[in-house]
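Below is one structure; the comments refer to it alone.
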Amino acid sequence: MAKITIDGIQIEVPDGTTILNAARMIGPDVAPPTMCYYSKLKTSGGYCRTCLVEVTAGSEKDPRPMPKLVASCRTTVMDGMIVANNTSAKVKDARAGVVEFLLLNHPLDCPVCDQAGECHLQDLSYDHGNYKTRTDFERRTFEKIDIGEKIQLHMTRCILCYRCVKTAEQITDGRVHGVLNRGDHAEISTYIEEAIDNDFSGNVIDVCPVGALTDKTFRFKSRVWFTKPVDANRNCENERCSGKVVLWYQGEEVLRVTGRKDQWGEVEEFICNTCRFDKKQTSDWTIEGPRKINRHSVISANHYMNLVKPKELKLNDIKQITE
Amino acid sequence: MGRKILLEHIDVPGINTYEVYRSKGGYASVEKALKTMSPQEVVEEVKKSGLRGRGGAGFPTGMKWSFLAKPEGVPSYLVCNADESEPGTFKDRYLMEHLPHLLVEGMITSSYALGANTSYIYIRGEYFYLVRILEKAIAEAYANGWLGKNILGTNYSLDLYVHPGAGAYICGEETALLESLEGKRGNPRIKPPFPAIAGLYGCPTVVNNVETIAAVVPIINMTGDEYAKIGIGRSAGTKLISASGHIKKPGVYEIEMGITVEDFIYSDEYCGGILNDKKLKAVVAGGSSVPILPADLILTTANGEKRLMSYESLADGGFATGTMLGSGGFIVMDESTSIVQNLHTFARFYHHESCGQCSPCREGTGWMEKIIHKILKGHGTLEDIDLLWDIQRKIEGNTICPLGDAAAWPVASAIRHFRQEFEDFVKNPSAQREVKYYFHCNNIDTAAAYSSL
Amino acid sequence: MSELKEVRFSAESKDLIQNLIKRYPEGKQKSVLIPALHIAQAEYDGWLSVPVMDKIAEILNIKPIEVYEVASFYSMFNLNPVGKCLIEVCRTSSCWLRGANDVVAHIEKRLGIKDGETTPDGKFTIKTVECLGSCGTAPMLQIGEQFFENLTLEKVDELINKYKTESKYSSYLDGTTFRKN
C-alpha cells in the first residue's frame, strides 16, 4: 500500500495504482479530467495530456518534485507522494493549453452534433478552457464516411484519443481501422473504406469522447437531453455480452441503446451490436428503472430527478466569465 | 592540431575496408575485452571514462548501461541509434561512411559488455547507401571471426544486423525507434517503463547513438581513466561537430571538448571563418532544437567569459543566455540571415515530423508554423508574437517525448534574442519584400488563408 | 483498383524478405515490415498500392491495417504513383541558408511542375523533404539511394539531362544492398 496526498487529501491505495485512479478514489472534485484514458482498455491514456498533474514530492524516500507535469493516468503512485491537481496554477495553465490545442481544429459544430450534451470535450472546455479563441486559421476538415451500416465516422471532430482503435483491438476479434498518416494529418481510417463488421464494433461509439463516431440509427433523432435514459437488461445470446444497457426513450419510443456509463463516462460493460442496434422494442427488455444521471449534466436538464435552481450570478462572476 | 581519437585514421586510404582498418589496430578493443575483461569490467571502464551520450541528451553512458535489467532467461538487446535526423547534424553519416568498421567494432565490444547476443543498427531510411556500406563491413567482420558463434574462441556469440527506417525524425527518440524496429508506427512510448527494463520486444534494451558506440572503442583501448583526462571537466573526451551554414569550411570536425567557440568558428583548423568574410549574426550550436544564440552570446557567456565547446559552457546561463551542445549540429548564420525565415524552416520541420500522438505537439507545432508563416507574409500582428510565445510555453514539457520541447525551444529563443526582427516584419510590410527564401507552408493554401485579413 | 494485376513478387524480392525475417526472433516477423515495404516499393514502380500492401500483410502474417498504418506514417513510402525519377530536395535550415530554394525553383522551372507534382510524361516527380543529413554539403538532393551534394544550378541541369533517358524507377535499394545472413 502507498500513502498519497492529492490536493491536500490523503488516501492509501494499493501499490501500482495510478495517480489518476487514486484521485478518482477520493472523488470527482479531485480527479483530473481525461479524454483518452479508459479504465476498461489496456494501454489507453497518455495521449491527450488533459490529466497532467504536478508532483511536488516524488515519494517518502525521494521527496524531490518531478521536473515536469506528469500524465496522471500513466504514472503510478509512490509511498509519500504529494500531488497537486486543482491546487496547482501550473496544472491549470497547462490544462487550459491542452483544451485550446484540442479545440484548435475541432469544428465547434455542437449545435448540429449528436454528441452535444454528452460530449467530454464540451465538458472539458467549459471547465478548463478559455472563452476566447486565438486562432483565425482554417480548420482541418475531412469528409464524413460510413464505416458499416450503423456507424458514421466524422473525422473532423476526432481528437485522436486512440480509444476506438484499442477497443477494436481488445474487444472485437479483428481490427480493420487504425490511425493513418502522422502529425496533424493523422486520422482514424480503414484506409480502403472497409466496413467495420463485427459483433462488438458498436462499442467504438460509446468510447468515443466526442462526436467523431456516432450511431447512425440515432442520428438527428433527438437532442440527448430530450430523451429519458432507463436501465434495462436482457438475456443476450452472445455470451461475451452482458446484456446490461441503457435505453434512451422519447415518449414510448426507444431512440437508441448504449452501454451503461459510470460517473467517469466509461461504459461499465461492453455490449454487442444486436443489443445496441436491433433491440429497440420495450418488449425486448427487462426494465430496471430510471438511469441515474449526474445532476450537473446537461442530460439531466429536462429530467425529473433532483432539479436544482441554478445559482444566481453576481456581477463578479459575470466579469470572471467574460474576461 | 587538436587530438583526434575517433577520426585518427580518417585520412588513411582504404580505411573503410577490413584489411586496412585491421592493419591500423582495428578490432583491438574486441580482443582486449573478450579475452581479458569481464562484461562488468567493460561497463566499469565506460563509467570511468565519463562518456556521455553523443546523440543529444548527454546522459552518462556507463550509468545508462548499468541500469540494464538482467532477468534470468530473457535476452537483452543493444540497439544503435543511427537515425540521425536532427537538422544540422551529419556526423554519424560521416562516421559510418568512412569508418564503418569502427561502428561494428564498437557494437561488438558494447554488446559484450551488455550481454547482448543480438544487436541491431537502426539507420534512417534516407541513408540506404550506408546500409550497403555497413552490411559489407558486417559481412567482413563475420568472415574474419569477429561476429557469429564463439567469437575468438570464447563462449560469447553475437549477431549484428542493420535495420533501415523509412523517413521519420521521431524515430531518433529511443522508444519510437524501438517501435519502428518492431515494424510499427514510430510513436514514442509512454515512460516508464524505460527501455533498460522493457525495450525491444519487451526485453531489456540499451539504445546508444553511433558516436557513443564508436567512442567505446578508444575507451577500452586506452582505458577509461585516460579517456577521462581528455576534454574539460564533466565534458570528457572528444566530440564530433557537424559544421554547416555560412562558414568557409563546412564539414565534420572532431574537437577536444574545451576549445573556445571563437576558435572553432574562426580558426583554419575548423570552420575557417564566416563565408565571404561577412559578420557573424547567430549560431545554432547543437542541432535545430537547441536555442539559437546571437553572436555576442555564443562567443562569450553573459559573465563575459569565453564560451567553450563543452556541455557545461554552452549551457552556461541557462536558456536565458545559454544553449546546449546537443548533437553537435553547429549551424552558423551570417549578418544577412533573416532569423524569422530560418525559424520558419525549423517550425515547418517540427510540424512535418510530429508523430501526432499527443495533442500539444500535434496541434501546437502546426499552429506555430502557420503563425510564423503569417508573420513572414506580412499579415502578422504584435499579438501574434506574444501568441507564439504562449504556444511554445504550453507545448514545452507537456508532451510525451522531447519533440515538443525541441519544437518549442527554437521559437522561444528566436523571440527571446531577436524579437525586433519579428516586429520589423509586423510593422514594416516592405520587409516582406525582402523574403527571398521561403517555400510554401505545409498544408496551407496561402491565398485562401489570408484573403480575409 | 480492379484493373490492377495480381501482385507477385519476384523470386529475388521474396528471397530477400525471407532472408530478413531470419534476422528477428521467432514470431517477430512484423519487424521486417519497413524493409519489406522498401523492397515492394522498389519492385512496384516506386509506390505502394493497396494490393501490394495487402500482399506484404499476407507474407508477414499481419492485418492489412497494420501495413497501412505504417506505410502512411513514414515519409519515404509513396501511396500514390510517382515519376520514374523522384527528386527529393532538402529544404531545412542549412540547405535553405545555402540556397536550396533556388535549386527547387530551378527544377520547377526546368520541368514545368510544382513541388509534389509529376511531369505529364511520368519521368520526374519533385518533392521537397526535410533534413537529409547533408548540411555540410548543402544544398543537396537525393535520387534513389544517391546523394547529390554541393549543388549548383549547372549540376542540377546535368542531373536532369542524365535522368531524362533513365528507364528504370529510382529506388533506395536493390538485391545487393543487404548481405545474405
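The values are calculated or read from the model by the stated rules, or taken from the named source; none is laboratory data. Values in this document were obtained by computation on a predicted structure and should not be read as measured data. All Cβ positions, glycine included, derive from the backbone under ideal geometry; neighbour counts span all protein chains shown.
Things to note:
- Of the set (1) in contact with a helix residue (DSSP H, G or I) (Cβ under 9 Å, 6 or more places away or on another chain); (2) within 30 Å of B:His351 (Cα to Cα); (3) crowded, with 22+ Cβ neighbours inside 10 Å; (4) more than 14 Å from chain C (Cβ to nearest Cβ), all apply to B:Phe194 but (3).
- Failed item in (1) closer than 29 Å to B:Glu312 by Cα; (2) more than 14 Å from chain C (Cβ to nearest Cβ); (3) in contact with a strand residue (DSSP E or B) (Cβ under 8 Å, 6 or more places away or on another chain); (4) touching a residue at least 60 places away in the same chain (Cβ under 8 Å), with B:Leu95 passing the rest: (2)
- Wholly enclosed helices (runs of 4 or more DSSP H) of the range B:310-404 bearing at least 1 residues touching a Lys or Arg at 6+ places or on another chain (Cβ under 7 Å) and farther than 27 Å from B:Gly58 by Cα: B:359-376, B:382-395
Conditions (1) buried (at least 24 other Cβ atoms within 10 Å of the Cβ); (2) in contact with a Pro (Cβ under 7 Å, 6 or more places away or on another chain), marked per residue:
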{"position": "A:Ala2", "(1), (2)": "no, no"}
{"position": "A:Gln10", "(1), (2)": "no, no"}
{"position": "A:Pro14", "(1), (2)": "no, no"}
{"position": "A:Pro28", "(1), (2)": "no, no"}
{"position": "A:Thr34", "(1), (2)": "yes, no"}
{"position": "A:Gly45", "(1), (2)": "yes, no"}
{"position": "A:Arg49", "(1), (2)": "yes, yes"}
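- Qualifying residue in the range C:110-122 (condition: in a loop (DSSP other than H, G, I, E, B), in contact (Cβ under 8 Å) with a residue 12 or more places away in the chain, under 13 Å from the mean Cα position of the chain (by Cα) and not assigned by TED's automatic domain parsing to the domain that holds C:Leu37): no
- Selection status of B:Ile213, under 23 Å from B:His98 (Cα atoms) and either buried (at least 23 other Cβ atoms within 10 Å of the Cβ) or touching a Ser or Thr at 6+ places or on another chain (Cβ under 9 Å) (or both): yes
- Among the residues examined, B:Val12 qualifies as without any contact (Cβ under 8 Å) to a residue 40 or more places away in the chain, among the β-branched types (Val, Ile, Thr) and not in a helix (DSSP H, G or I).
- For the range C:49-67, taking the residues that are closer than 13 Å to A:Tyr191 by Cα and part of a loop (DSSP other than H, G, I, E, B), the one that is farthest from the other protein chains (Cβ to nearest Cβ) is identified as C:Ser49.
- Some residue of the range C:154-168 being facing chain B (nearest Cβ under 9 Å) and among the hydroxyl-bearing types (Ser, Thr, Tyr): no
- Residue-level analysis places B:Thr175 among those that are out of contact with any Ser or Thr (no Cβ under 9 Å at 6 or more places or on another chain) and within 29 Å of B:Gly237 (Cα to Cα).
- Among (1) within 19 Å of the chain's Cα centre (by Cα); (2) within 11 Å of chain B (Cβ to nearest Cβ), the one test that A:Asn203 misses: (2)
- Filtered by the rule that a residue be crowded, with 24+ Cβ neighbours inside 10 Å, within 9 Å of chain C (Cβ to nearest Cβ) and without any contact (Cβ under 8 Å) to a residue 60 or more places away in the chain, the range B:98-124 gives a lone residue, B:Arg124.
- Restricting attention to the range B:127-168 and to residues that are of a type in the set (Asp, Glu) and more than 7 Å from chain C (Cβ to nearest Cβ), the residue that is nearest to B:Arg93 (Cα to Cα) turns out to be B:Glu140.
- Selection within the range B:340-387 - in contact (Cβ under 8 Å) with a residue 24 or more places away in the chain, facing another protein chain (nearest Cβ under 7 Å) and among the charged types (D, E, K, R): B:Glu353, B:Lys370
- Inter-residue pairs, beta-carbon under 7 Å, first more than 8 Å from every other protein chain (Cβ to nearest Cβ) and farther than 13 Å from A:Ile6 by Cα and in the range A:66-78, second aliphatic (A, V, I, L, M) and outside any loop (DSSP other than H, G, I, E, B), 6+ apart: A:Met66/A:Val55; A:Val70/A:Leu52; A:Val70/A:Val53; A:Val70/A:Val55; A:Cys73/A:Leu20; A:Thr75/A:Ile19
- In the range C:83-102, residue nearest to the other protein chains (Cβ to nearest Cβ) [restricted to those that are part of a loop (DSSP other than H, G, I, E, B) and touching a strand residue (DSSP E or B) at 6+ places or on another chain (Cβ under 7 Å)]: C:Arg91
- Flag if C:Phe148 is out of contact with any Cys (no Cβ under 6 Å at 6 or more places or on another chain) and not assigned by TED's automatic domain parsing to the domain that holds C:His38: yes
- Filtering the range A:130-188 to residues that are without any contact (Cβ under 8 Å) to a residue 24 or more places away in the chain, closer than 15 Å to A:Asn198 by Cβ and either within 9 Å of chain B (Cβ to nearest Cβ) or not in a loop (DSSP other than H, G, I, E, B) (or both) leaves A:Val165, A:Glu169, A:Gly178.
- Considering the conditions (1) over 20 Å from B:Arg54 (Cβ atoms); (2) within 12 Å of chain C (Cβ to nearest Cβ), B:Leu178 is excluded by exactly one of them, (1).
- The residue list A:Thr217, A:Thr274 contains one member that is assigned to a loop (DSSP other than H, G, I, E, B) and β-branched (Val, Ile, Thr), which is A:Thr217.
- For the range B:402-415, the tally of residues that are more than 12 Å from B:Tyr350 (Cα to Cα) and crowded, with 22+ Cβ neighbours inside 10 Å stands at 2.
So that you can scan it fast, the table gives a plain yes or no per residue for (1) surrounded by fewer than 18 Cβ atoms within 10 Å (Cβ to Cβ); (2) free of Cβ contacts under 8 Å to residues at least 40 places away in the same chain:
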| residue | (1), (2) |
| --- | --- |
| B:Val20 | yes, yes |
| B:Val30 | no, no |
| B:Val46 | no, no |
| B:Ser66 | yes, yes |
| B:Lys70 | yes, no |
